[in-house]
Structure formats: C-alpha cells, structure tokens
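The structure appears right after this line, and notes come after that.
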Amino acid sequence: MLLGCIADDFTGATDLANNLVRHGMRVVQTIGVPADGASIDADAVVVALKSRTIEPADAVAQSLAALAWLRAAGAPQIYFKVCSTFDSTDRGNIGPVAEALLAALGGDFAAVCPAFPENQRTVFKGHLFVGDLLLSDSSMRHHPLTPMTDANLVRVLQRQCQGRVALIDHETVRAGAPAIGQRIAALRAAGARFAIVDAIANDDLMTMGRAFAGLPLLVAGSGVAIGLPQNHGLAASAAAARLPGPGGARAIVSGSCSAASNAQVADFLARGGEGFAVDPLRIAAGEDVAAAALDWARARLGERPVLFYATAEPAAVKAVQDRLGVERAGGLVEDTLAAIARGLVAQGVGQLIVAGGETSGACVQALDVAQLRIGPQIDPGVPWCHAASPAAGAAGLHLALKSGNFGTPDFFTKAFAGLA
Ligand code: ADP
C-alpha cells in the first residue's frame, strides 16, 4: 500500500478515492474500519468513517482505530480527508483528530490544505474561498452543525489545536517544491506542528504533492490527492480504474430530493424510462410498498434500466414531513428503498445506481457491502464501483452512489452507457 486514507464522511471518502484513481492509483474504499488481518489489494485504501460531527473523543477513537489498521497493512503515509469547506467547530473534529494521528505516528509536523481549485475551493494567505466568496461570506456560515464564520484557517485550526499552526503562503508554493520543503524545515525547527498551505490552482496541488512526499500525515480535502500518485511514478491512466466486466440487470434507486436528483428523475422518465414511485404516505399507512415494487420489477428487469424513486419536489416533501415528521418520513423511505435495492439484487440486478447520501448509506448496509473498488468517473465525485455483496453472488455488483447534488440531468442514462 502506498497511501492510507481516513475520511470523516462517506461521500468525502468516495470523492478522495475518485481523485486518486483518476491520477493512477488503484483504490479500495472500506465502509468503516476493516476487520483485523483483512487483506486488500490496492495502492490506496480509503477508510470511510462518519466522524465529522460526532463527539471529538469518539472521532479521535475511530480515527486511531482506522490508523492502526492502515499501518498494520503497511501504509507509509496517512491522509486525513476533511471537508473542502473545513467543516468543524472550535471543539473539533479536525484539530483533535489531526493531533491524535500525528502523535500516534510519532511525527512532529503535518501539512493542512482543503483547497480544490477545480471545485471552486481555493486558499490564499490562509483564507479559504468558496468560488468568489470568503468561506465566512458563503452559505457555509449558516450550516446547521458546523457554521463556518471565520475564513482564516490558521485561526480556525489554532482554536482546535494544542500545537502551533503556521502558514505556508502562495509565494512559497509558487517558488516550487524545494522552497516548500525549506519552509517546512524552518517551521518544524521553530516548533510549529501544522501549516495551512495556500493553493489557488491545480498546479499548486501538484507542486505541494511533491513537497509532501516525506510527510507522515496530510490533512486535506480531496484536492491534494491529485499530487501524490506522481511520487510513486504513477500517472493518469485507465488501468487504475479497471473493474470486472458488468453483468446482470440495471436499476436505479433514488431517495434524494435535491434539485439535481429531481432533474435526473424527470429526465429519465421523459426519455421513456419506466419508473415506480415510492409514496411515503402509503408506507406509513402500512402497505408493503417494497413488495409491490419488487413485484412490479419482476417482468421488467433487464438491460433497460428501471427506476424506483421517492424523489419529489420540495413542496411535496414538506407536505409529507408535516404529516409524518422529518425523521420518520426519512427513515420509512430509506428502509423501503434499501429493501427494494436488496430485493432487486436478489432478482438479478448487477448494475445499480443509488441517488442520495443517506439513501446510499441505507442501501449499502442492506446489501452488506463492506468494500468498494473504485472505477471510472461518471461525473465529478461519482465513480462506478464494484463490490462484493452476499445478495449478488460470485460476480459481485456494480454500484454508483451519487450524493444529492452531483451529476448532470442525463446522469442515469449516461452512467449505464459508460459502463457497457
Ligand atoms: P441527498 O444526498 O440529496 O441529501 P439523502 O438520501 O441523503 O439525499 O436524503 C434524502 C432524505 O429524504 C432521505 O432520508 C430520504 O429517505 C428522504 N425522502 C426521500 N423522499 C422523500 C419524500 N418523498 N418525502 C419525504 N422524505 C423523503
């Protein structure tokens, strides 16, 4: 293994894995920490945790467990993947987890950079920009769990850390990898534990990737990953994204109500695709909607994909939530869609798209998927994956897990065409 990664949420893990694959690393993403002694054949393993907003002590414990597994598996460098908008509070969890990982690695310095210019996340003089706005002027200032009201990441991280946080500014980055290396040496000598590193273009990420080759720990968004495969003589190629050949019938399960998913469902139906609408009120009334959906599916499964969707416009979702409560409505729909996904795979679906972050989590759990081999990108942040699942038999299952707002309107059609 060339790189061991610990991601603080599931879709962030996939985003990171996708970037590593695009730049030449073969990657497996695991859901939680793999079992002791499990062996995984990959250049990089990304352990997906759900630790972004849990208690700091729990986030530290889970991250250390992931670290222990990755080190036992031989990972020479560790990448702690955080949100590109640095989602955290003064209590953590970025600082406490980063300090615990650094201490466990016996290191004295880590580089920190959430920038991903391709996705409109840049860092200049330590300040994070989302598009043209400072982080603190972006919609992230209203985030319900991690409101980001300070764009100065040196200050933000310092509030979460015991050790000193410094800056490696863009002038140094632009001067090249040796200059970054000299600055790191000077900061370490002066007792700094972390440095926020500026990046305003992908070239900056490639430069810092070379400079970071010898560091035990990187704390970053998914962007810094693009500069790391080159340190191992790897470059972008289709080989890293190769998956076993696809087989079985094709289906889509959508529980996302975001604007992109609504457009994707509408586009699929407008092209003449067949869809089964999952009505939360019928589930709440005690009907076995999953069984009805699977009955409906039986005569229709094949090469032409079929769609199962609870996806609805905001007004319809609100009406359901007013009647059932937000959590109950969400839970009922997730359970039903997960049962449908499992039933579909048992009926011979071998290529499955799931739309929605929470919905994906529920489906992956229902399918008992523990690991995903990451394949080719469909749209930014969404790759095809291949997974073993007890429901799927020996051939396994091709899965695309799309979080809400990702993908172009023709995503459902385009994704299957790209897999053939
Ligand atoms: P996204 O990635 O777009 O946020 P998620 O799957 O994470 O999608 O979240 C969508 C949530 O909305 C899920 O809990 C899902 O069960 C719920 N949901 C889906 N359809 C409906 C609906 N018609 N009415 C109410 N809640 C719904």
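Exactly one residue out of Gly209, Gly247 is assigned by TED's automatic domain parsing to the domain that holds Val326 and either hydrophobic (A, V, I, L, M, F, W, C) or open to solvent by less than 50 Å² (accessible area, probe 1.4 Å) (or both): that is Gly247.
Scan the stretch 20-31 and give yes if some residue there is without any contact (Cβ under 8 Å) to a residue 24 or more places away in the chain and more than 16 Å from the ligand (Cβ to nearest atom), otherwise no.
no
Residue pairs whose Cβ atoms lie under 8 Å apart, separated by 6 or more positions or on different chains, with the first residue in the stretch 332-358 and at positive phi and the second in a helix (DSSP H, G or I) and open to solvent by less than 20 Å² (accessible area, probe 1.4 Å), are Gly356/Ser261.
Please tell me if Gly74 is at positive phi, modelled with pLDDT of 95 or more and of a type outside the set (Lys, Arg). The answer is yes for Gly74. Does Ile40 fit the bill of being in contact with a Phe, Trp or Tyr (Cβ under 7 Å, 6 or more places away or on another chain) and either under 27 Å from Thr149 (Cβ atoms) or in contact (Cβ under 8 Å) with a residue 40 or more places away in the chain (or both)? It is false that Ile40 is in contact with a Phe, Trp or Tyr (Cβ under 7 Å, 6 or more places away or on another chain) and either under 27 Å from Thr149 (Cβ atoms) or in contact (Cβ under 8 Å) with a residue 40 or more places away in the chain (or both). Considering the stretch 163-173 alone, what residues qualify as being closer than 24 Å to Val60 by Cα and either in contact with a Pro (Cβ under 9 Å, 6 or more places away or on another chain) or buried (at least 17 other Cβ atoms within 10 Å of the Cβ) (or both)? Answer for the stretch 163-173, where residues must be closer than 24 Å to Val60 by Cα and either in contact with a Pro (Cβ under 9 Å, 6 or more places away or on another chain) or buried (at least 17 other Cβ atoms within 10 Å of the Cβ) (or both): Gly163, Val165, Ala166. Scan the stretch 302-310 and tell me whether some residue there is over 25 Å from the mean Cα position of the chain (by Cα), part of a strand (DSSP E or B) and at negative phi. So far as the stretch 302-310 goes, yes, one or more of its residues are over 25 Å from the mean Cα position of the chain (by Cα), part of a strand (DSSP E or B) and at negative phi. Taking the criterion of being out of contact with any helix residue (DSSP H, G or I) (no Cβ under 6 Å at 6 or more places or on another chain), more than 16 Å from the ligand (Cβ to nearest atom), open to solvent by 40 Å² or more (accessible area, probe 1.4 Å) and part of a loop (DSSP other than H, G, I, E, B), would at least one residue in the stretch 1-13 satisfy it? Within the stretch 1-13, one or more residues are out of contact with any helix residue (DSSP H, G or I) (no Cβ under 6 Å at 6 or more places or on another chain), more than 16 Å from the ligand (Cβ to nearest atom), open to solvent by 40 Å² or more (accessible area, probe 1.4 Å) and part of a loop (DSSP other than H, G, I, E, B).
Here is a list: Pro144, Pro34. Which entry is assigned to a loop (DSSP other than H, G, I, E, B) and touching a Phe, Trp or Tyr at 6+ places or on another chain (Cβ under 8 Å)?
It is Pro34.
Of the helices (runs of 4 or more DSSP H) lying entirely inside the stretch 318-420, the ones with 1 or more residues being within 16 Å of the ligand (Cβ to nearest atom) and under 16 Å from the mean Cα position of the chain (by Cα) are found at 357-366.
Based on what the data block shows, is Ala263 out of contact with any Leu (no Cβ under 7 Å at 6 or more places or on another chain), at pLDDT 95 or above, surrounded by fewer than 14 Cβ atoms within 10 Å (Cβ to Cβ) and in the same structural domain as Gly361 (by TED's automatic domain parsing)? So Ala263 fails the test.
The values are calculated or read from the model by the stated rules, or taken from the named source; none is laboratory data. In this text, all values refer to a predicted model and were calculated from it rather than measured experimentally. All Cβ positions, glycine included, derive from the backbone under ideal geometry; neighbour counts span all protein chains shown. All accessible areas refer to the heavy atoms of the entire protein, side chains included, with ligands and DNA or RNA removed. Shrake-Rupley method; radii C 1.70, N 1.55, O 1.52, S 1.80 Å.
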